[in-house]
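K.L.:
First the structure, which I've put down as structure tokens, then a few questions once you've had a look.
Just so you know, all these numbers are worked out from the coordinates, no wet-lab data involved. Keep in mind the model is a prediction, meaning the values are calculated, not measured. Reconstructed Cβ throughout: ideal geometry from the backbone, glycine too, with neighbour counts over all protein chains shown.
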Amino acid sequence: MASTAILWFRRDLRLSDNPALIAALDSYDRLLPVYIHAPGEDAPWSPGAASNWWLHHSLRALDVSLRERGSRLLLLSGDSLACLQALIATSTASAVFWNRCYEPVSIARDSRIKQQLRAQGIRCESHNSGLLFEPWQIKTTTDQPFRVFSAFWRRATARLADIPTPTPAPGILPPLPDGISSTDGRLSQSLPEQPLDALGLLPRIGWDAAFSDSWQPGAAGAQARLRRFFDQGAHDYAVVRDQPSVAGTSKLSAHLHFGEISPRDLLQAANATAGDHEAFVRELGWREFSTHLLFHFPQTAELPLNPMFDDFPWRDPIPPVLLQAWQRGQTGIPLIDAGMRELWHSGWMHNRVRMIVASFLTKNLRIPWQTGARWFWDTLVDADLANNTQGWQWTAGSGADAAPYFRIFNPVRQGERFDPEGGYVRHWCPELARLPNRYLHAPWTAPVGILQQSGVTLGLSYPHPLVDLADTRREALAFWQQLRDTD
Ligand code: FAD
């Protein structure tokens with residue numbers, strides 16, 4: 001009789017360089033590719049609205065790739081263990097293969113599932129598809145996790161040459177086992193199979209209208225973006241990666257998060273392309289470091305890594321008017337507003353601008369970093385618990401190897417330095433487009449005549465600044481000093 005394995009897709013939505021797929025095909029004749037929609041299982045970090053939009057399209061793309069090769073994706077909805085058990089009961093599957101996720105709740109769930117299934121005599125195998133190194137592989141000489149990026153990356157780069165070459169997608173896949181599909185292609189058995197549209201992943205209000213212009217979720221979209229980046233942008237990366245008006249970064253973050261492309265693919269492309277790509281590969285290092293930190297310090301998605309910040313006097317309660325102005329890109333500070341609008345419209349924001357809006361929220365507005373992280377979580381297509389946590393804690397000053405709290409980004413100076421021609425601000429804040437460069441990043445400093453000529457009326461066509469940048473900076477530093485004195 002033909003042997004059958006279940007291939008449980010999670011955040012590895014691709015067929016190339018997929019170790020669980022290769023391992024399953026090596027030992028089994030038939031394959032049951034399944035995705036289980038189990039939203040509550042990720043709580044308190046269930047995917048946000050933008051991530052769900054991406055997931056919907058990525059699952060469709062994965063199903064197309066499977067069908068092109070003679071298989072298809074089974075979509076089940078419900079508790080993961082219960083769905084796997086139902087699938088085992090209605091098929092001859094005797095093994096489950098998957099690629100690992102590293103969020104604390106995923107680790108707990110997967111360990112429980114492995115234990116239960118093995119107790120039933122089912123073979124369970126998990127693999128690494130999402131990282132260059134497992135989070136436990138890179139350790140200090142005293143066998144401790146790293147807290148400093150440069151030391152972590154030094155240790156990791158010494159082992160980069162050992163990273164295996166990515167494997168191509170199989171050209172053909174075995175069909176679903178006999179008896180599992182009825183003539184209409186749906187499962188004939190009493191399994192909780194759902195059509196994709198029934199999963200409710202797309203937003204109910206059409207706020208995602210512009211997303212399809214910016215993104216092509218799925219492995220083909222990821223490979224196309226990778227090729228475009230290495231054909232056009234990669235050689236300038238180290239120079240232009242900080243300029244938000246230039247398409248100077250890869251924009252591969254959501255593809256990486258959903259596992260539509262592997263970091264090994266990126267490393268291979270960097271090694272195979274002429275030029276120095278160290279700066280780019282180093283950013284992959286930050287991704288590895290973020291996962292390393294979340295793995296070893298699982299409390300940090302909610303709590304500061306540095307306990308000194310436990311007592312930081314954040315605003316309490318948070319004034320809704322401040323938070324909403326930040327969320328809606330109506331703070332009256334152009335670079336902040338441009339970033340927050342880019343996020344809302346496209347589901348992505350440039351890395352430098354992420355740091356600046358996060359600094360503004362946590363330092364000038366003194367709103368807890370967790371509140372900002374939640375907003376990003378819901379609105380970013382690349383929302384990733386490890387990277388988001390690390391990015392917010394780094395900016396707030398409470399994380400590993402963090403920017404010191406007293407380093408407060410000045411959004412006006414940052415705008416003048418990184419968006420000197422104002423292309424980024426003019427694009428996202430068109431009401432300011434006619435202001436001369438000199439006043440673009442601080443319209444409140446422009447003489448009345450210039451504002452009039454540029455069609456800007458502060459308080460009407462564009463807000464007055466929400467807070468005084470210099471005063472709030474001073475206040476933040478005073479609070480920080482108090483905290484240090486009492487530590
Ligand atoms: P590129 O510059 O092309 O870099 C290539 C890849 O390296 C990225 O796709 C990403 O996977 C990784 N990378 C780059 N920079 C970082 C970084 N600083 N930390 C960790 N990995 C990095 N990134 C996310 O993927 N998801 C998040 O939820 C997220 N939240 C963030 C929140 C804040 C406050 C900050 C400051 C940063 C956050 N980042 C997050 C990191 C970074 O901003 C994005 O990864 C990057 O902007 C994605 O664009 P890109 O793919 O063009 O990056």
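K.L.:
Using the Cα atoms of region 65-171 to build a convex hull, what is its mean projected area in square nanometres?
P.N.:
The directionally averaged projection comes out at 9.7 nm².
K.L.:
Could you give me the ³J(HN,Hα) list for region 391-404, computed from phi with Karplus coefficients 6.51, -1.76, 1.60 and θ = phi - 60°, whole Hz, x at Gly and Pro?
P.N.:
Each residue's phi maps through the Karplus curve to give x, 6, 5, 4, 5, 5, x, 9, x, 6, 6, 7, 5, x Hz.
K.L.:
Going by the alpha-carbon gyration tensor, a ≥ b ≥ c the square roots of its eigenvalues, is region 341-487 rounded (a/c under 1.5) or, if a/c is not under 1.5, prolate (a/b greater than b/c) versus oblate? Write down the numbers at each step before the final one.
P.N.:
Details: a/c = 2.37, a/b = 1.45, b/c = 1.64.
Oblate, since a/c reaches 1.5 and b/c is not below a/b.
K.L.:
Which lysines have a Cα less than 29 Å from the Cα of LYS363, not counting those fewer than 8 places away in the same chain?
P.N.:
Correct list for LYS363: LYS251.
K.L.:
Just the number, please: Stokes-Einstein D of region 401-487 in µm²/s, Kirkwood Rh from C-alpha pairs, 25 °C, 0.890 mPa s. All intermediate terms of the calculation are to be shown ahead of the outcome.
P.N.:
Values: Rh = 14.8 Å.
Here the translational diffusion coefficient equals 165 µm²/s.
K.L.:
For VAL96, what residues show an amide H to amide H distance below 5 Å, using hydrogens built from the backbone and excluding near sequence neighbours?
P.N.:
ILE6, ARG123, CYS124, GLU125
K.L.:
Measure nothing fancy, just the Cα-based angle from helix 263-272's long axis to the longest principal axis of the chain, in degrees from 0 to 90, nearest 10.
P.N.:
Its long axis makes an angle of about 70 degrees.
K.L.:
Under 1.5 on a/c is rounded, so check that first for region 230-271, then, if it is not, pick prolate when a/b is larger than b/c and oblate when it is not; a ≥ b ≥ c are the square roots of the alpha carbon gyration tensor eigenvalues.
P.N.:
oblate
K.L.:
Relative contact order of the chain: what whole-number percent is it, with Cα pairs under 8 angstrom and at least 6 residues apart?
P.N.:
Result for the chain is 17 percent.
K.L.:
Cα centroids of region 371-386 and region 408-487: how far apart, whole angstrom?
P.N.:
24
K.L.:
Let me ask something else. Per DSSP H run of n ≥ 4, the term is -39500 (n - 2.57); total these for the chain, divide by its residue number, and report the mean residue ellipticity at 222 nm rounded to 500 deg cm²/dmol.
P.N.:
The helix contribution divided over the chain gives -13000 deg cm²/dmol.
K.L.:
Considering the Cα trace of region 279-423, what is its radius of gyration and what is Dmax, both in angstroms?
P.N.:
When restricted to the Cα atoms of region 279-423, Rg and Dmax are 14.7, 43 Å.
K.L.:
Given the Cα-Cα distance of SER212 and GLU302 and 0.36 nm per residue of separation, how much length would full extension add, in nm?
P.N.:
29.2 nm
K.L.:
Still on this structure: So for the chain, what percent of the C-alpha to C-alpha distances run longer than 36 Å? It would help to have the intermediate numbers written out before the result.
P.N.:
Values: 41170 of 118341 pairs.
That fraction is 35 percent.
K.L.:
Evaluate E = 1/(1 + (r/R0)^6) for LYS139 and ASN437, where r is the Cβ-Cβ distance and R0 equals 45 Å; express this FRET efficiency to the nearest 0.05. Could you put the intermediate results ahead of the total?
P.N.:
On the way: r = 49 Å, r/R0 = 1.09.
According to the calculation, E is roughly 0.35.
K.L.:
For region 89-230, what does the alpha-carbon gyration tensor say about shape, rounded, prolate or oblate, given a ≥ b ≥ c as the root eigenvalues, a/c under 1.5 as rounded, and a/b over b/c as prolate?
P.N.:
It comes out oblate by the Cα gyration axes.
K.L.:
What is the Å³ per residue value for the convex hull set by the Cα atoms of region 198-321?
P.N.:
Per-residue hull volume (Cα only) is 212 Å³.
K.L.:
Straight-line reach from LYS114: which lysines have a Cα under 27 Å away, not including same-chain ones fewer than 8 places off?
P.N.:
Reachable lysines: LYS139.
K.L.:
Moving to a separate point now. Nothing charged except the Cβ atoms of Lys and Arg (+1) and of Asp and Glu (-1): what's the magnitude of the dipole of region 345-434 about its Cα centre? Round to the nearest 20 debye.
P.N.:
320
K.L.:
What is the calculated FRET efficiency for ILE163 to ASP471, with r their C-beta to C-beta distance and R₀ = 45 Å, to the nearest 0.05?
P.N.:
Efficiency for this residue pair is about 0.35.
K.L.:
In addition: Once the piece of chain linking VAL240 and THR457 is laid out straight, how much longer is it, given 0.36 nm per residue of separation minus the C-alpha distance between them?
P.N.:
Difference between extended and current length: 74.8 nm.
K.L.:
Each residue of region 232-247 in order: what ³J(HN,Hα) in whole Hz does its phi give by Karplus 6.51 cos²θ - 1.76 cosθ + 1.60, θ = phi - 60°, with x for Gly and Pro?
P.N.:
10, x, 4, 5, 9, 3, 4, 8, 9, 4, 9, 9, x, 7, 9, 7
K.L.:
Taking each pair of different alpha-carbon atoms in region 437-487 once, compute 1/r for the pair, average those values, and report the inverse of that mean as the Kirkwood hydrodynamic radius in Å to one decimal.
P.N.:
So the Kirkwood estimate lands at 13.2 Å.
K.L.:
Give a residue-ordered list of calculated ³J(HN,Hα) values for region 349-363 (Karplus: 6.51 cos²θ - 1.76 cosθ + 1.60, θ = phi - 60°; whole Hz; x for Gly, Pro).
P.N.:
9, 4, 4, 4, 6, 4, 5, 6, 5, 6, 5, 4, 5, 7, 10
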